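J.: One structure coming up, written as structure tokens, with questions to follow.
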Amino acid sequence: MPSPPHAGTTPSAFTRVNAGCAALLGVDREQYARQLGMAPEHLAGDRYRTPSATNIRIWQLMATQVHWTEAASAMTEHSRPGAFGVWDYLLTSAATPLDGLRDAAEHVGAIADVGSEALRITEQDDRIVISHANEADLTDETAAAIRAFAAGLLRRRLSEAAQRDLVPLRVALATRAPRSHRALHGLYGTTAVEFEAPISSISFAAADLRAVNPRTQPGLSALLRAHAERSVTEAVPLHGWLDVFRIAVGAVLREGGPTLAAVAQRLAIGPRTLQRRLDEHGTSWRAELQSARCARVLDLLRSTELSLEAIAARTGYADARALRRAVRQWSGRSPSALRSTDGPGDRP
């Protein structure tokens, strides 16, 4: 059976919250700063999806720094409204909390790894049960922290949607009982917390989740669902070193004349190590730079009305003539021809 799209990755919005909470708990950033996806250009905005292994590493460090119940509580507290982008708004902007919950479950990829996590909703006459399945390969402490956090986050977001504190009827966690339940009782607002369940879940009175939200806006949910779909399908998953290298080349290219030394510095490795890594991946600096330049030139031709001289200056070509020659070499067409069919009209 094929893996879901972007399985093994998590949205950068979640990684930002996760890393921010780790810092508050006193985790030394050097212990995870070099993990794939932690570079500033990967965390800024929502363009990239971080390897789930990076977030699991951060969770492991938090669960080592403090007890897993405290890690779950701290992460929930640090998850301010809107921190998870479109997923938060899906859950809080629908006609009812239940409608928002259905949208959030359908688009769980906007907050989590679709390959290992899922939300399931079971509707009964008097109660609604939300189950959280997490099938990642986790240590006991890490799994406990993540599962406890998921239930806490759901309670928090559903309460935000209803504009009042919703107290669950029951919380069941697929983990062993801690020595002290105090942190969990505070997290869920109830002492009705059970342990060693087959799957983690949180249950609410059906009337609470079917009540009309005070601030619902007609038509907004449809827009949010479309945006959530795009945010997942258009995001760039970070799976390996070559992905990170190519993103670094693109970033350096946008900043000015790209050099191997500048890219090596951005990746925090030496130029010789960078060349050796490229050899190991069956490519070269010259080939990668040419590919990045081609992509950048095409983007500028299609999305701007910059003159060819300006584009040449931005992409490392000596002048417009050199740019024209390069474009013809790798596309078989002139810049003007590319621009006339793909983007704004060419400037003289």
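The values are calculated or read from the model by the stated rules, or taken from the named source; none is laboratory data. It should be emphasised that the depicted structure is a prediction, and the values quoted were computed from it without experimental measurement. All Cβ positions, glycine included, derive from the backbone under ideal geometry; neighbour counts span all protein chains shown. The protein model used for the area step is the full one, side chains on, heavy atoms only, and it has no ligands, DNA or RNA in it. Shrake-Rupley method; radii C 1.70, N 1.55, O 1.52, S 1.80 Å.
J.: Dipole of the range 75-213, Cα-centred, from +1 at each Lys and Arg C-beta and -1 at each Asp and Glu C-beta, to the nearest 20 debye?
T.: On the way: 14 positive and 19 negative charges, 91 e Å.
That gives a dipole near 440 debye.
J.: Based on the alpha-carbon gyration tensor of the range 1-93 and its eigenvalue square roots a ≥ b ≥ c, which shape applies: rounded if a/c is under 1.5, prolate if not and a/b is larger than b/c, or oblate? Show your work: numbers first, answer last.
T.: Numbers: a/c = 1.55, a/b = 1.19, b/c = 1.30.
Verdict is oblate for the range 1-93.
J.: Amide H of Ala118 versus every other amide H placed in the peptide plane: which residues, excluding those fewer than 5 positions away on the same chain, fall under 5 Å?
T.: Here the answer is Ala133, since their amide H atoms fall under 5 Å of that of Ala118.
J.: Once every DSSP H run of n ≥ 4 in the chain is given -39500 (n - 2.57) and the sum is divided by its residues, what mean residue ellipticity at 222 nm do you get, rounded to the nearest 500 deg cm²/dmol?
T.: -16500 deg cm²/dmol
J.: Then there is this: Given springs between every Cα pair under 10 Å in a Gaussian network model of the chain, which of Asp140, Asp299, Asp103 has the largest fluctuation?
T.: So, out of Asp140, Asp299, Asp103, the one fluctuating most is Asp299.
J.: Please report the carbon-and-sulfur percent of the accessible area for the range 162-219; probe 1.4 Å, protein heavy atoms only, DNA, RNA and ligands left out.
T.: Result for the range 162-219: 50 percent of the exposed heavy-atom area is carbon or sulfur.
J.: Tell me the net charge near Gly45. Cut-off is 13 Å between Cβ atoms, Gly45 excluded, with +1 for each Lys or Arg and -1 for each Asp or Glu.
T.: Around Gly45, the charge tally is 0.
J.: Are there trypsin sites (Lys or Arg not before Pro) in the range 132-206 that DSSP marks as loop and that have at most 13 other Cβ atoms within 10 Å, and which are they?
T.: Passing both the DSSP loop test and the Cβ count: Arg164, Arg176, Arg179.
J.: Under a point-charge model restricted to the Cβ atoms of Lys and Arg (+1) and Asp and Glu (-1), what is the dipole moment magnitude of the range 143-208 relative to its Cα centre, in debye to the nearest 20?
T.: With Lys and Arg at +1 and Asp and Glu at -1, about 180 debye.
J.: Still on this model: Going from most exposed to least, what order do Thr190, Thr315 have by accessible area with a 1.4 Å probe?
T.: Thr190, Thr315
J.: Of the heavy-atom accessible surface of the range 15-149 (probe 1.4 angstrom), what whole percent is carbon and sulfur?
T.: Taking all protein chains in place, the range 15-149 shows 47 percent carbon and sulfur surface.
J.: Next question. In degrees, nearest 10, range 0 to 90: what is the angle between the Cα axis of helix 285-303 and the longest Cα principal axis of the chain?
T.: Tilt of helix 285-303: around 80 degrees.
J.: As I understand it, the value is the acute angle between the Cα axis of helix 320-331 and the longest principal axis of the Cα atoms of the chain; what does it come to in degrees, rounded to 10?
T.: On a 0 to 90 degree scale, this one is about 70.
J.: 7 Å from Cα along Cα→Cβ at both Arg324 and Ala226: what's the point-to-point distance in nm?
T.: Computed distance between label sites Arg324 and Ala226 equals 4.2 nm.
J.: Quick one: accessible area per residue over the chain, 1.4 Å probe, rounded to a whole number of Å²?
T.: In whole numbers, the chain has 48 Å² accessible per residue.
J.: For a quick check of understanding: with a 1.4 angstrom probe and all protein chains in place, what accessible area in square angstrom does Ile199 have, to the nearest ten?
T.: My reading of the accessible area for Ile199 is about 60 Å².
J.: Something else: With each pseudo-label sitting 7 Å past Cα toward Cβ, what's the Glu41-Ala261 distance in nm, one decimal?
T.: My value for the distance between the label points is 1.9 nm.
J.: In what sequence, largest accessible area first, do Arg215, Arg333 appear using a 1.4 Å probe?
T.: Per-residue accessible area, sorted high to low, gives Arg215, Arg333.
J.: Only one of the values (i) 167; (ii) 125; (iii) 137 was calculated from this structure for volume of the Cα convex hull per residue in Å³; name its label.
T.: The value matching this structure is (i).
J.: Same structure again: Apply the a/c threshold of 1.5 to the C-alpha gyration tensor of the range 223-348 and tell me whether it is rounded, prolate or oblate.
T.: oblate
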